[in-house]
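Read-outs throughout are calculated quantities, based only on the coordinates presented, and are distinct from any laboratory measurement. In this text, all values refer to a predicted model and were calculated from it rather than measured experimentally. As a convention, Cβ positions derive from the backbone with ideal geometry for all residues, glycine included, and neighbour counts pool all protein chains shown.
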Amino acid sequence: MFLTKDTKSPFYQVTYFINGKRTKKSTKTSSKSEALKFLKEFKSQQLIYFKPGEPKPEIKSRSIKLSEFEKEYTAAVSLSKSKHYLRSVKLSFKHFKDFIGDLPINEINLKQIDNFVTTIYARSESASSLYYRTLKAAFSKAVIWDYIKENPFKKIKAPKLAKSLPVFINEEQLQAILSETEEQYLKDIFTFAFYTGMRIGEILNMKWNWIDTTQNIIIIKNSSTFKSKSKKERIIPIHNKVNEILSRQKQNTAFVFYRYIGIKLNENFISKKFKAAVRDAKLSDDIHFHTLRHSFASNLVQKGANLYVVKELLGHEDIKTTQVYSHLTQSSLTNAVLLL
C-alpha cells in the first residue's frame, strides 16, 4: 500500500491490491503530509486484509458538501480551462446550490436534479443547457475522485435547445462597422478576425513566433500562458488583407495586437468596442465579435470551400460542429437539380 499521484487528479491516491487487483483510493488532498496521515488511518482500518474467497470489502466514499466540492473542482479545472469556462462553472454551482441547498453530493438525488433542470429551462433554455453540461462534467470528476459511485446527471435527459443558424456578415457590412470605429488597432483586429476565423482569445494572445512569413501562414500555438480551445495547434493561410495588417504592426512587441506595449488586450473590452460599432452602423443586434468567426466560415462555404477544409481552418474537433454551415451550400444543390 503506497501513495501515488497522476495528472488525472490534483490529489494523492492510495494504491493497494484486493485479490491481486490494483485499486486506488483518493486521499482528497494535494498536501503530501495530509495524504500520509490519510494513508496511516486507512491502513489502520485494515480494509485490504481479508481471506481469499471472501467478498471484497466496500470502501465507502467520504461525504463532501457541494460547496467544498465546487472549490476542489474549480481549482482543478483552472489549470486547463479558460476564464470563461470557470465563470460558467461558478455560475452553475451557484444556481444549483441556491436551488437544492449545500447538500453532501452523495445525497443529491435524481428528482432534485430533474426539478432543477426543468425549473431553469422554464426561465431560460440556454441557461438550463449550460448548467446541465457544466454540472454533468463536474460530477463525472466526482466519480473519478471517488466521492460518488455514478454520475446522476447522466440519467437526466439533456435539455433541448432550438437550433438557430449562425449569424454572419459580408464584406460590405464589415466596412460599415469599420467606418464607425475610430482606433486603427480596433479596425485591424476586427478585419483580422473576419479574414482568419480566429477566436478573440487566439488573436489577443497571438505572438510574432506564430507567424511564418516564409510559408505565409499563421500557426496557432499552445504555451504555458495560453491554450487553444482544442489544445491543438492549427494552421491558417495568411490572406492579403491580413498581410497588410501585420506589416503595420511593430515586431518588437510581446503581442501582435496591443493598445499599450507589453499589456495584453482584454477580451471583454474588445467585444464591447465591436458591439458599439455594430450598433452605430445600425446593423442587427444579433451581431457579436464571434460573428466574425462565423462570417469567415460562412463566406468560405458560400464560395465553394469543402466543409472538411473549413473544419480544419476553424479547429473543430468534430465535423458535426462545422455542418452548421452546410445550409449555405443549398443554392448549389438547387442549381444542380434545376439542370434536370
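Within the straight-line cut-off of under 19 Å between alpha carbons, the lysines reachable from residue 227 are 8, 81, 83, 207, 264, 311, sequence neighbours fewer than 8 places apart in one chain being disregarded. Highest mean packing first, where packing is the average number of other Cβ atoms within 10 Å per residue, the peptides 275-283, 247-255 line up as 275-283, 247-255.
Under a Cβ-Cβ cut-off of 14 Å, what is the net charge of the residues other than residue 273 that fall near it, where Lys and Arg count +1 and Asp and Glu count -1? So the surrounding residues net to -1. Compared with the alpha-carbon gap, the fully stretched path from residue 247 to residue 41 is longer by 67.7 nm at 0.36 nm per residue.
Can you check what the net charge comes to around residue 8, using other residues whose Cβ is under 11 Å from the Cβ of residue 8 (Lys, Arg +1; Asp, Glu -1)? Let's see the in-between values first.
Working: positive: 5, 24, 141; negative: 6.
Summing Lys/Arg as +1 and Asp/Glu as -1 gives +2.
Compared with the dominant Cα axis of the chain, that is its longest principal axis, helix 83-100 is turned about 50°.
Once both labels are positioned 7 Å from their Cα atoms along Cα-to-Cβ, the gap between residue 260 and residue 85 label points is 3.0 nm. Here the Kirkwood formula puts the hydrodynamic radius of the chain at 24.0 Å, using every distinct Cα pair.
Order of 174, 91 from fewest to most other C-beta atoms within 10 Å?
On the way: 174 19, 91 14.
Result, fewest neighbours first: 91, 174.
Around the Cα centre of the range 66-155, unit charges on the Cβ atoms of Lys, Arg, Asp and Glu (plus for the first two, minus for the last two) sum to a dipole of about 360 debye.
To the nearest 0.05, how large is the calculated FRET efficiency for residue 209 and residue 100 if R₀ is 45 Å and r is the Cβ-Cβ distance? The computed FRET efficiency comes out at 0.40.
Extension gain residue 179-residue 34, at 0.36 nm per residue separation less the Cα-Cα distance, in nm? Walk me through the numbers on the way to the answer.
Numbers: separation 145, 0.36 × 145 = 52.20 nm, distance 6.09 nm.
Here the segment from residue 179 to residue 34 would lengthen by 46.1 nm.
Among 102, 114, the order by Cβ neighbours within 10 angstrom, fewest to most, reads 102, 114.
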